[in-house]
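Read-outs: derived from the displayed coordinates by stated rules, not from any lab. Since the structure is predicted, the reported quantities are computational estimates derived from the model, not experimental observations. Cβ placement follows ideal geometry from the backbone for every residue including glycine, while neighbour counts extend to all protein chains displayed.
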Amino acid sequence: MALLTILATIFVASSFLTGDYTISQSNDSSKESFSEAQFGNDGMYYETPDLQNNELYEQSYVIDPLIGGGGGGGTTNDDIFVPNDSFRSAYFRNLKNNMPRNRLGICGYTGISMYISFFDTYWSDLFIDEKYESAPSTVSSGNITNSSPSQSPGVFNNITSNSPTMDTLTNIVLSQGHVEGTDEYKEALDRLIMQEIIDQIQQETFLGKLFSIALANGSITPHFELNEYYQDPNGYLDGIGVNYDIVSSIMHDYILQQPALVNNVSIVTSQMINDTQSEKTRIRNEIVQLVQSGKPVLMGGNGFTDTNGNGVRDLDIEDEFEWGHVIVAYEYDESTDTLYGNWGWSGQRAHESVDAYFNIRIHDYWCYEIGEGLPQTHTDHYRIGSSNQYVSPSGVILEKSSYLPNSYGFEPQYFFYEKTLSVSNENYIVSTKRLRTGYIENSFVNLSPHRENAGLAYLEIYSPTYINRFEFDASYWGSNEYVDKLNFSALVQFKTVNGNWITLIDLVRDINLSKNRMDQDHFSFILSAVNVTAIRIYYTDLIPFGSSNKGRISIGELNILHE
């Protein structure tokens, strides 16, 4: 199956309302960046902050994030985010493997992935494209927090324990005879790193998507033409460690690439202006208040190794330098004044004290604010046992009904008049209307408008309950169907409560649909904030002719999630 997923949403038409927040560019705040990076024995990428770098990344952000509308008291009381402390804690405690595994010092990218995955699961499935997501997690009942899933859903991870660490790559370079610290050493090492980056991009992982953003905005900077790395890598790059500017730019640009998030999601962010105790206290207090208001927080800090836990730097071990890390803080215990976070280390340190780890300072954070134009929807990331039922964090249970081409009972021919038929899937019965649509050669449901006296083919499906989302596989029947984008149109549509058909995508004009029916494209559509009970594919040909059935689009498996 081709990795083409079209994700669509229908949501309330509303721009992001900033309320009492002030949106501006600030010229007063400095940004924290990192000086020369160091590599530890565990393969992690360690970075030491340089608080003297005042270069400002130019993006709009909320400069006073803790002044909310209405209630005051230092919390965002008018925020539409619905706090669910028990789910948030359960999600991050069990987020262990469904994230990019940090094998090359990519803690910033891992942290961003964990953070966005939470919102994709808890708030709306539009935060991450379906093709990047991990398989649904299994729970034993409709109560996610009581069912204690062993793994929280996130993104597909193809980095295993056999994947190279930074130590692996440095040993390869040393074995080639390069002397550490020389230009030849750096070039050889960075070439290997770049090969790992390109591999993630070509495999279309979520980490690859973040790498693509970083390459596009200059966070990752190859020293030769980028296409050389795809063919015969012979250059080097500046590295894949992160600092405040890089995390900010990637999170900002990611929002711009997700149509549903643009104008509906903003970033609350701040960092230490100077290395004083008052600034340390301010940053921590703001993170605590954001967590208390119901939000997880992506944050960065640094510290030194202290195996005895006595607050004194270890001096008798090799990695005695300061290190930096990016994690997700998600829980606060007021009785003990303890802030807990997930370190992104495949289940290790999934629920540990932030302060005990960042024993030098917590220096920056990022937090999403969601506007009214992106309402909370029911997601399908948790499957109840082996059933076809899925439960969303809001507690709504969705039923998944699947239809293979032979499920409908359609005849193996194209009729020139409308046919109707009810199709049962256990207790879920849909009604179908079709024209020039048949079950062909015991393999696919085909729509064929291109024939004399035809010109139109459609398949309509009417549901007895609201359709939350639907997905299907599709392609042309063959490589030569006489389809041109001038005369043909194949609209995927849903029907509103007032009877209007609204178009989601045109399979002919909007994309290059697969011509291999054995390798179909996959489409997924999320319908939120509207009550949908009917969907259809409406396929037209303005100049039909001939005695052969052509223009055929083949529909494979179709799934409907409904309440």
- Item | Packing-based exposure ordering (other Cβ within 10 Å, fewest first) of His351, His381 | His351, His381
- Item | For segment 360-414, size of Cβ-based charge dipole, Lys and Arg +1, Asp and Glu -1, in debye | 220 debye
- Item | Loop GluC sites (Glu not before Pro), segment 401-506, which have at most 13 other Cβ atoms in a 10 Å radius of their Cβ (DSSP) | Glu418, Glu426, Glu441, Glu452
- In Å, the Kirkwood hydrodynamic radius from C-alpha pairs for segment 419-472 sits at 12.8 Å
- Query: Assuming R0 = 30 Å, what is the FRET efficiency of Arg509 and Asn406, from their Cβ-Cβ distance, to the nearest 0.05?
  - Reply: 0.50
- Between Arg313 and Gln203, take the C-beta separation as r, use R0 = 35 Å, and let me know the FRET efficiency to the nearest 0.05. 0.30
- Query: Going by how many other beta carbons lie within 10 Å of each one, how would you line up Trp366, Trp501, fewest first?
  - Reply: Trp501, Trp366
- Rank these for me by crowding, Phe156, Phe410, going from fewest to most other beta carbons within 10 Å. Phe156, Phe410
